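First up is the structure itself, then whatever we jot down about it.
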Amino acid sequence: MTKAPEQIRPEPRAGIMDITAYVGGKSSAPAGVAKVHKLSSNENPLGASPHAIEAVQRLSHKMEYYPDGSASRLRQAIAATHGLNPANILCTNGSDEVLGLLSQSYLSPGDEAVYTEHGFMVYKIYTQAAGATPVVAKEDAEKASVDNIIAAVTPKTKIVFLANPNNPTGTYLPFEEVRRLHAALPKNVLLVLDAAYAEYVRRNDYESGVELVAANENVVMTRTFSKIHGLGGMRIGWIYAPSHIIDVLERMRGPFNVNAAAIEAGVAAMEDRGHVERTVAHNAKWAEWLVAEFEKLGLRVTPSVGNFLLVHFPDDGKHSAAAADEYLTARGYILRRVTGYGFPNALRMTIGTEEANRGVVAALTEFLKS
C-alpha cells in the first residue's frame, strides 16, 4: 500500500483558498492631511441617534453580564416599528452574519446560488465557503434583470440573492418585478431579499419584501442597523423569515451572537423615528444636489435610491477613477474604488455632511481642469 505523504501543517478544506477575501472601503488619508472625510462605507453622516449613544453609556457599568441570548427586547422593538411578529425575527451580528448562516444552512457542495453581476461580494464569498458554486446573472444597464436571474436558475440552484436596492449601483427593482421573479422560482429555491438600504427609498413602486415573506415559505428579508441608524460599529442585523427558517437559523447561530451594547443601542435607535426622518431628509437633499453638480462636471452618475452614488469617470486616460481617487485621497476625501464589482472606472461616494459633499465637488472641479 502506498503511504500518503505526511502533511507538515493543517490544511483548509478544498475550495477555501479559492475565496477572494472581502476588502472594505479604505478609511485613511496620507499623513499631513488636516481633516479626513470618510465616504467609502455608506455610513450615516449624522451619526447614531443620541438616544442610542446614551443607551450604550448607561450599559458601561454592566459589562460583566452576558447579553440576552435571544435579543428579545430588540426583536420586540423591530416588530413594533415594522408591524411584524417578533417570533419571525432573528437578530444577528450584522446582516453579514445572517447571510452566512443562510448559506451554511441551505447550500451544500454541488449546489448553486445565483446573484447579480454587480451584487454584494459577500454573496459569492459565503456561497464558496459553503462549498457551493456562485452563478452570476448579467445586469441590464447596471440594474438587476429578472429575466437573466430566471435564466440562471437550474435544478442545482438553492438560493437566489437579490440586493434591493443594490450596492454599489444604488439601483432597485420595482416590487412587481420582484414578485415576478419569485413566481418563476421553484418552491425549493430560497429567495433572499437583502434590503439593507430600504429605509432610504422613496419610490411608490418599491417594497422591502415584508408582504412576500409573510405569504410564502421560500422568501426571507434581511436588514441592517449599519446604514440608516448609524450603528455600523455595533454590528446589528436582522432577518424576517418564515418560522421554519427561523428554527433552522436558531440552531446555527452562536449563543450570544448580538452583544449587550448592540441590543441597547438597537432598541433606542429603532424607537427614535425622528433621527431616521432627519437622516432620510438629509440624504434626499444632498443626493439631488450632488447628482446635479457631478453632471455639470460631465460625470455620469448611476441613478441611485440609496445613500451613495456611483460616479463614472472619463475614458481619456488622464481623468480616470484611479487618478481621481488618488487626487481626492490626498485632500482628505476617501471614496470607494469598485473595480472588484466590475466598475474599474468609477468611484462610489457615500452622501456625507454638507462640508464633505461640497468639498468633493470642489476638488473634482479642480481635478477635471488639470
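The values are calculated or read from the model by the stated rules, or taken from the named source; none is laboratory data. The shown structure was predicted, so the numbers you read here are calculated from the model rather than taken from an experiment. Counting neighbours? That spans all protein chains shown, and the Cβs are built from the backbone with ideal geometry, glycine included. Calculation scope for accessible area: heavy atoms of the full protein, side chains included, ligands and nucleic acids excluded. Shrake-Rupley method; radii C 1.70, N 1.55, O 1.52, S 1.80 Å.
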Looking at this structure, is Asn283 outside any strand (DSSP E or B), in contact (Cβ under 8 Å) with a residue 24 or more places away in the chain, in contact with a Ser or Thr (Cβ under 8 Å, 6 or more places away or on another chain) and polar (S, T, N, Q)? no
Criterion violated by Ile245 - all others in (1) within 30 Å of Leu185 (Cα to Cα); (2) in a helix (DSSP H, G or I); (3) open to solvent by 30 Å² or more (accessible area, probe 1.4 Å) satisfied: (3)
I'd like to know if segment 141-149 contains one or more residues that are without any contact (Cβ under 8 Å) to a residue 24 or more places away in the chain and either crowded, with 19+ Cβ neighbours inside 10 Å or on the phi > 0 side of the Ramachandran plot (or both). yes
Enumeration of residues in segment 319-330 that are in contact (Cβ under 8 Å) with a residue 40 or more places away in the chain and either surrounded by fewer than 19 Cβ atoms within 10 Å (Cβ to Cβ) or hydroxyl-bearing (Ser, Thr, Tyr) (or both): Ala323, Tyr327, Thr329, Ala330
Looking only at segment 62-82, filter to residues that are in contact (Cβ under 8 Å) with a residue 40 or more places away in the chain and not in a helix (DSSP H, G or I); which one of those is nearest to the chain's Cα centre (by Cα)? Ala71
Got at least one residue in segment 21-35 being touching a helix residue (DSSP H, G or I) at 6+ places or on another chain (Cβ under 7 Å), not small (Gly, Ala, Ser) and not in a loop (DSSP other than H, G, I, E, B)? no
Mind listing whichever residues of segment 99-130 are over 21 Å from Tyr341 (Cα atoms) and either open to solvent by 30 Å² or more (accessible area, probe 1.4 Å) or not in a loop (DSSP other than H, G, I, E, B) (or both)? Leu101, Leu102, Gln104, Ser105, Tyr106, Ser108, Pro109, Gly110
Tell me which of these Leu90 doesn't satisfy, since it passes every other one: (1) assigned to a helix (DSSP H, G or I); (2) among the hydrophobic types (A, V, I, L, M, F, W, C); (3) under 21 Å from the mean Cα position of the chain (by Cα); (4) within 22 Å of Glu211 (Cα to Cα). (1)
For segment 331-370, how many residues are polar (S, T, N, Q), more than 15 Å from Trp286 (Cβ to Cβ) and surrounded by 15 or more Cβ atoms within 10 Å (Cβ to Cβ)? 1
Please list, ordered by first then second residue, the pairs with beta carbon atoms under 6 Å, 6 or more apart or interchain, first in segment 230-251 and more than 30 Å from Glu277 (Cβ to Cβ), second open to solvent by 30 Å² or more (accessible area, probe 1.4 Å). Pro242/Glu217; Val248/Ser105
So, in segment 294-318, exactly how many residues are surrounded by fewer than 19 Cβ atoms within 10 Å (Cβ to Cβ), over 24 Å from the mean Cα position of the chain (by Cα) and either in a helix (DSSP H, G or I) or modelled with pLDDT of 95 or more (or both)? 5
For His229, which of the numbered conditions (1) farther than 18 Å from Thr92 by Cα; (2) open to solvent by less than 40 Å² (accessible area, probe 1.4 Å) fails to hold? (1)
